[in-house]
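Right, one structure below, let's go through it.
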Amino acid sequence: MGMEESVKRTGEALVLAQSRALIYDIIAGYGNGSVTGVELGVRRASLTTYLLANFPNLSLIAVDLWAESPEIEETHPHEENYRKTLAALEPFGDRAKILRMLTTEAAGEVEDKSVDFVYIDATHTFEAVSAELRAWLPKIKADGWIMGHDYCADWAGVKLAVDEYCKNVQVAATTWACRKRDVDMTRPVSVVLDFDDFHQTNHRLDLLWELRERVKGFKVNLFTVPGRCVPRWLEDMQAVEWIDLLPHGWKHANNYEFAKVTESEGLEYLGKIEPLGLTKCFKAPGWQISRGMYAALNKRGYVVAEQWALNPLRPPGLRCYALDGGPEKRVHGHIGNVCGNGIEEQFEYYASLRGRFEFIRDVIGERADKDAQEAACV
């Protein structure tokens, strides 16, 4: 084995150990009393056997279809895995129960408020994880836990679902966990959705129109790269009533386009884009913005779109729209498939959004204008 492969395996083993430690600690918290858990997505039962071997007071319901299904996007040697699971769990007798069916259907075989935890590691899409949360949450006791695997950028659908519905989430490596009481499957009243990098040759209007057809009252804020658009095209886009365009750099050649801009350079840029009629809310490429650009935005009466509400570099008096601020649900994505939140790669998640959709300009108008002198971050 080469050094590179050895380092890779060591790293994977460390992640596995950290992930299992969180589950271990939660089950250990029950002491010597009986514990009942559910594992959704078993494959070869490696986690199942680890937990059963370490906790003699634990009973587990192992749920997996072990078959191809339109709802399952991965391909595995299912029959081989099923046989290995049967053999691995046989020594544990009645403490291990196997349900060979779809995870959401298996919830119908379990009584409400009868299990201490559910561990989700089946189909790694936003839709699947959301459906499993809905199906299994009633089965967990009031003080129980909901847990899962692959909370990471590589499995963006899992992370989106957890972030959507869960709060006070504990994370160890790629394993997540929270109490049942910290899961809320309701939707927010108000939704503000934005996508970065919109321009004439990168627009995905096909998918935006499909979202408009599928989602009631759909509106979207498009952070637009004006230097890659002709004015007439921008006019056509602004005429679409459910679209609002906001400036996102000039040509966005890289993420540092506005990282070193002076105030005078910033004012020159704003002088170029203001005749285009875009909403006066500026987002710098890569969130990288200079003090000079801040000053120019402030002088011209703009709002800055920020990643964090509490940004110590933002000068007093400059209003902002922050992704982590406001009472409404704020959802940020990209037109292209980058950062794990592209419109195509997470289309079903965006199509699942429900609520009263708002433009950023309306959020600003309702809550920021009156507080301009206090540098309100809405």
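Data table
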| quantity | calculated |
| --- | --- |
| 10 Å beta-carbon shell around Lys251, net charge (K/R +1, D/E -1) | 0 |
| Taking the chain and dividing mean pair separation by its residue count, relative contact order in percent (alpha carbons under 8 Å, at least six apart) | 13 |
| Listed candidates (1) 5, 20, 31, 25, 12, 5, 1, 0; (2) 6, 27, 37, 25, 4, 0; (3) 5, 20, 26, 20, 16, 10, 3, 0 - label of the one calculated as P(r) over Cα pairs in 10 Å bins from 0, in percent | (3) |
| Of Lys159/Lys180; Lys219/Lys280; Lys139/Lys216; Lys113/Lys167; Lys219/Lys299; Lys251/Lys280, pairs whose Cα-Cα distance is over 25 Å | Lys139/Lys216; Lys219/Lys299 |
| If the convex hull is drawn through the Cα atoms of segment 190-374, its volume per residue in Å³ | 111 |
| Residue-averaged [θ]222 nm for the chain, counting only DSSP H segments that reach four residues, each worth -39500 (n - 2.57) | -9500 deg cm²/dmol |
| Estimated inter-spin distance, Arg300 and Glu235, nm [label 7 Å along Cα→Cβ] | 2.1 |
| Two-site label geometry, Glu90 and Tyr30: point separation in nm, points 7 Å out along Cα→Cβ | 2.6 |
| Residues of segment 114-149 with amide N under 17 Å of the 7 Å Cα→Cβ point at Thr186 | 134, 138 |
| Hull volume in cubic angstrom per residue (convex hull over the Cα atoms of segment 3-182) | 123 |
| Length released on extending from Leu205 to Ala253, taking residue separation times 0.36 nm less the Cα-Cα span | 15.1 nm |
| Size of electric dipole in segment 3-182: Cβ of Lys, Arg +1 and of Asp, Glu -1, about Cα centre, debye, nearest 20 | 620 |
| Selection of chymotrypsin sites (Phe, Trp or Tyr not before Pro), segment 271-336, meeting DSSP coil and at most 16 other Cβ within 10 Å | Trp308 |
| Proximal lysines to Lys84, defined as alpha-carbon separation beneath 23 angstrom and excluding residues fewer than eight positions away on the same chain | Lys97 |
| Kyte-Doolittle mean at least -0.5, axial Cα span of 18 Å or more - DSSP H helices of the chain | 3-28 |
| Net +/- balance of residues flanking Ala106 in space, Cβ distance below 12 Å, scoring K and R +1, D and E -1 | -2 |
| Cα-projected label distance for Arg83 with Ala142, points at 7 Å along beta-carbon direction, nm | 4.8 |
| Space enclosed by the convex hull of the alpha-carbon atoms of segment 255-365, per residue, Å³ | 123 |
| Whole-angstrom Cα spans of segment 119-277 along principal axes, big to small | 60, 38, 25 |
| Stokes-Einstein D for segment 75-201, Kirkwood Rh over Cα pairs, 25 °C, 0.890 mPa s (µm²/s) | 148 |
| Filtered GluC sites (Glu not before Pro), segment 224-325: DSSP coil and at most 10 other beta carbons within 10 Å | Glu241 |
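Only the coordinates and a few stated rules stand behind these numbers; no lab work does. Given the structure is predicted, the values throughout are model-derived calculations rather than measurements. Note that each Cβ is placed from the backbone with ideal geometry, even for glycine, and that neighbours are counted across all protein chains shown.
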